[in-house]
Amino acid sequence: MDYEMDMEPQGPQVKISDLEPYRVTFKLTQVDLAFANSIRRTILAEVPTLALDLIEIESNTSVLPDEMLAHRLGMIPLNAKNCEQDLEYTRDCDCEDHCVRCSVTLSLHARCGSGLMAVYARDLMVQGERMNDTIGDPVITDPERKGPLIAKLRKGQEIKLTCLAKKGTAKEHAKWAPTAAVGFEYDPCNNLRHVDYWYEQNPAAEWPVSNNADDDPAAPPDAPFDYDAEPEKFYFDVESIGNLEPDMIIQQSIISLQHKLAATVSVLSGEGEDGHGGEDADMMGAGDPDAYEPPEGIDGGLISYGNGAVGGWGASAQTPYGATPYGQSAYGF
């Protein structure tokens, strides 16, 4: 007896709609909303890139204060190709301060002889060795090949400084963000009624649908509403700022998400040293310098407030600021 089976592809499916040097649009299917949104969030905050992090200003006689100049420099996108593999985080490097394995050194020296002089990102020069031939170069995409404007100098004004570019992620600071924007949409015609549009007269005219509605049209007005319906198609629009190619941004976000899921499974299963997931625990923020760590002498273990147990910061516990009962701190408030 012969059987005919309708074999549908298993697992997530991706269909690329448009691919440009700095932008990609695609449709993701056969996943749920939580997974699709996780990809969006890892793209925004978890993909490592390179940015200027330490600015040593030797001379600045421009009208810009040192703090504003340093901020403008920090927001200049730098080429981060292969930084995930080639470059280490400074906090994880064995060097005392910085080295070629965890940073890239750039310098800027501009002095105006006469008239008005514009200083651009192209004037930043990489100094010394680096892990590959392009890492740390300012991203320049404009036709004039100048890059972002840093400052304008008048006659006699000068800027002379040295910068250290380091690896980081956007959850630490926006300057490490790999994307200018991440468009994310599902159910463009609001068939699932997840959105209640505010309007004055006509919602159809005041809230025009996107081009994605061609692939996911509106349901007939008289069709019965399915309260159990779930979104099935998710539309992404990823725009790079030039430091990484769009496909590399998405691949790195998936790798980051895989690490987080692996660390979660490891911790829940009790694997790893001391039952805390071992090295994978760093993927959940255990190795993050901003992550909370209990002071020395406090185990920081989980407690049960429901049964009256006292935690490390309980009444009369010895904190770094002295013994502190609940309701009163060491500073008297």
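The values are calculated or read from the model by the stated rules, or taken from the named source; none is laboratory data. None of the values given here were measured: they were computed from a predicted structure. Heads up, the Cβs are rebuilt from the backbone with ideal geometry, glycines too, and the neighbour counts pull from every protein chain shown. These area figures cover heavy atoms from the full protein model, side chains too; ligands, DNA and RNA do not enter into them. Shrake-Rupley method; radii C 1.70, N 1.55, O 1.52, S 1.80 Å.
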## Note on the structure
Okay, strands (runs of 3 or more DSSP E) sitting entirely in the stretch 123-192 with 1 or more residues that are within 30 Å of E232 (Cβ to Cβ), I get 179-186
### Summary
Here the qualifying pairs (Cβ atoms under 7 Å; residues six or more apart or on different chains; first in the stretch 167-187 and under 21 Å from D92 (Cα atoms); second of a type in the set (F, W, Y) and open to solvent by 30 Å² or more (accessible area, probe 1.4 Å)) come out as K167/Y89
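Out of the stretch 208-223, which residues are exposed (fewer than 10 other Cβ atoms within 10 Å of the Cβ) and within 17 Å of K27 (Cα to Cα)? Give the steps one after another, and end with the answer.
At the first step, the residues of the stretch 208-223 found to be exposed (fewer than 10 other Cβ atoms within 10 Å of the Cβ) are 208, 214, 220-223.
The one that is exposed (fewer than 10 other Cβ atoms within 10 Å of the Cβ) and within 17 Å of K27 (Cα to Cα): D214.
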### Query
Mind checking which pairs have a first residue in the stretch 240-264 that is within 28 Å of D133 (Cβ to Cβ) and a second that is open to solvent by less than 50 Å² (accessible area, probe 1.4 Å) and basic (K, R), Cβ under 9 Å, 6 or more apart or different chains?
none
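For the stretch 144-200, name all the residues that are among the acidic types (D, E), open to solvent by less than 70 Å² (accessible area, probe 1.4 Å) and more than 27 Å from the chain's Cα centre (by Cα). Please lay out each step first, then the result.
So in the stretch 144-200, the residues among the acidic types (D, E) come out as 144, 158, 172, 185, 187, 196, 200.
Restricting the remaining residues to those that are open to solvent by less than 70 Å² (accessible area, probe 1.4 Å) gives 158, 172, 185, 187.
Of everything in the stretch 144-200, just one residue is among the acidic types (D, E), open to solvent by less than 70 Å² (accessible area, probe 1.4 Å) and more than 27 Å from the chain's Cα centre (by Cα), namely E158.
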### Task
Kindly list, by first and then second residue, each pair from a residue in the stretch 57-74 that is surrounded by 12 or more Cβ atoms within 10 Å (Cβ to Cβ) to a residue that is in a helix (DSSP H, G or I) and of a type in the set (K, R), limited to pairs with Cβ atoms under 8 Å and residues at least 6 apart or on different chains.
L64/R72; G74/K175
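Output the residues belonging to the stretch 242-255 that are in a loop (DSSP other than H, G, I, E, B) and crowded, with 17+ Cβ neighbours inside 10 Å. Full working, then the answer.
In the first step, residues of the stretch 242-255 are kept if they are in a loop (DSSP other than H, G, I, E, B); the result is 242-245.
Listed by number, the residues that qualify are G242, N243, L244.
Of the residues that sit in the stretch 6-56 and are closer than 30 Å to C112 by Cβ and charged (D, E, K, R), which one is most open to solvent (accessible area, probe 1.4 Å)? Let's see the steps before the verdict.
Filtering the stretch 6-56 for residues closer than 30 Å to C112 by Cβ gives 50-56.
Filter once more, so that each one left must be charged (D, E, K, R): 53, 56.
Numbers: D53: 66, E56: 132 Å².
Among those residues, the one meeting the criterion is E56.
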### Message
Test of understanding: among A205, A121, which residue is surrounded by fewer than 19 Cβ atoms within 10 Å (Cβ to Cβ) and either more than 30 Å from V31 (Cα to Cα) or not aromatic (F, W, Y) (or both)?
### Response
A205
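Of everything in the stretch 78-130 that's touching a residue at least 60 places away in the same chain (Cβ under 8 Å) and among the aliphatic types (A, V, I, L, M), which residue is farthest from V47 (Cα to Cα)? Give the steps one after another, and end with the answer.
Of the stretch 78-130, the ones touching a residue at least 60 places away in the same chain (Cβ under 8 Å) are 78-81, 83-84, 87-92, 98, 102-105.
Subset that is among the aliphatic types (A, V, I, L, M): 78, 80, 87, 104.
Numbers: L78: 14, A80: 11, L87: 13, V104: 18 Å.
Checking each candidate, the answer is V104.
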